[in-house]
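Here is the structure we will look at.
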Amino acid sequence: MAKMKEHATGYELLDSGDGRKLERFGSVVLARPASQAIWRPALPASAWRAAHASFDREEGNRWQGREVLPDHWILEESGMRFHLSTTDFGHLGIFPEQRAQWRWLRETVRAAVARTPEPPRVLNLFAYSGGSSMAPAQGGARVTHLDASRGMVDWAAENARLNGLSTIRWIVDDAHKFLHRERRREHRYEGIILDPPTFGRGERGEMFKLERDLPDTLALCRDLLSDKPLFLLLSAHTPGCSAQVLENVLRQALDGLGGTVESGEMLLTGAPGVIPLPSGTYVRWHA
């Protein structure tokens, strides 16, 4: 794809159906699995065949057409630049269903900065490639970005450099171990973000299972909120973990704190008329 733009603009859901999704990442069109898309596609088969590459899991994780894609490309989305690259798991280094949350984080922090000269401290756990770290940093926060994978932290740090952001602290660690240490150190945060996996392992073999560990994780997060907290944002991609489930567990964890709780589905979206595709759930508390 020699004519691909270096800074391609925007994500767009083009179509979905029959367990698949057709997406545009700047100049690149890809077809990937989407188990919730049980309806019929709206576009003809020819539009799907025209995708530059596709990924499926029917016979193990497998790309078709990957060789025609660049090793990486840069996407401008939601006021941020991301390095994208195809991975063996079908991911690209961005979760565009989080776009509404990125805007909310940026605006929430900006409003707080306008009220006080002290920048809010924000912790982002299970932070992946850094979209939810860069958005509050753009708003004026001092962000701590934590992920158990050194490779993903390096990827996120490169994204931050691409956006000229220097107020992010990078941590490679197991989330629970870090939270316990921060509690002992009496470190506090005005905002906490977490997008825990269904199941994950740290570099030293630490195991995380969302259904077992999420209540304990949120209890630790509650302990790390400052005396003047701004928000806590929780999202998940675990099947069966509905918005109401997340809201129930968050309300228990933050009982007595006051404030407002909102929850809903995260959606992949496109042009008017394109069926929105659910892709995870979120719940957020704010003062």
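Stretched out straight at 0.36 nm per residue, the stretch from E186 to A100 would grow longer than its current Cα-Cα span by 27.8 nm.
Amide H contacts of L268 (H built 1.01 Å from N, in plane; Pro and chain starts excluded): L277, S279 sit under 5 Å, all sequence-distant by 5 or more or on other chains. Shown is the FRET efficiency for D18 and S242, computed with R0 = 22 Å from the Cβ-Cβ distance and rounded to the nearest 0.05: 0.40.
The helix-only estimate of mean residue ellipticity at 222 nm for the chain, built from DSSP H runs of length n ≥ 4 each weighted as -39500 (n - 2.57), is -8500 deg cm²/dmol after division by the residue total.
For the chain, set up a Gaussian network in which alpha carbons nearer than 10 Å are linked by springs, and say which option among R150, R32, R40 fluctuates the most. Its mean-square fluctuation being the largest, the pick is R40.
For the stretch 223-238, 3J(HN,Hα) computed residue by residue from phi via the Karplus equation (6.51, -1.76, 1.60; θ = phi - 60°) reads 5, 8, 6, 6, 5, 10, x, 9, 6, 9, 10, 10, 9, 7, 10, 7 Hz, glycine and proline entered as x.
Relative to the 2.2 N^0.38 Å rule of thumb, the chain has a C-alpha radius of gyration ratio of 1.01.
Rg over Rh for the stretch 1-87 works out to 0.97, using Cα positions for both radii and the Kirkwood form for Rh. Between R142 and R57, the distance separating the two model label sites (each 7 Å from Cα on the Cα→Cβ line) works out to 4.0 nm. Taking 0.36 nm per residue of separation and subtracting the Cα-Cα distance, full extension of the segment from T9 to A50 would add 12.8 nm. With protein chains left intact and a 1.4 Å probe, residues in the chain average 48 Å² of accessible area per residue. Of the residues A34, G17, V122, the one whose Cα sits farthest toward the positive end of the charge dipole of the stretch 1-158, with +1 on the Cβ of Lys and Arg and -1 on the Cβ of Asp and Glu, is V122.
For the stretch 133-287, the calculated P(r) over all alpha carbon pairs, in 10 Å bins from 0 to the bin holding the longest distance, is 10, 35, 40, 14, 1, 0 percent. Ignoring ligands, DNA and RNA, please state the percent of accessible area on the stretch 1-116 from carbon and sulfur, probe 1.4 Å. Answer for the stretch 1-116: carbon and sulfur cover 50 percent of the accessible area. Each principal axis of the Cα cloud of the stretch 194-259 was evaluated for its coordinate range; sorted largest first, these ranges are 35, 27, 16 Å.
Label-to-label distance for R110 and W39 is 3.2 nm, based on points extended 7 Å past Cα in the beta-carbon direction. When Rg and Dmax are taken over the Cα atoms of the stretch 100-169, they come to 11.5, 37 Å. If you take all other residues with their beta carbon under 10 Å from the beta carbon of L267, and give Lys and Arg +1 and Asp and Glu -1, the sum is -1. Across the accessible surface of the stretch 231-287, with the other protein chains kept in place and a 1.4 Å probe, carbon and sulfur atoms take up 52 percent.
The values are calculated or read from the model by the stated rules, or taken from the named source; none is laboratory data. Quick caveat, the model's predicted, so the values are computed rather than measured. When we count neighbours, we look across all protein chains shown, and the Cβ atoms used for this are built from the backbone with ideal geometry, even at glycine. Accessible surface areas use protein heavy atoms only, side chains included; no ligands, DNA or RNA. Shrake-Rupley method; radii C 1.70, N 1.55, O 1.52, S 1.80 Å.
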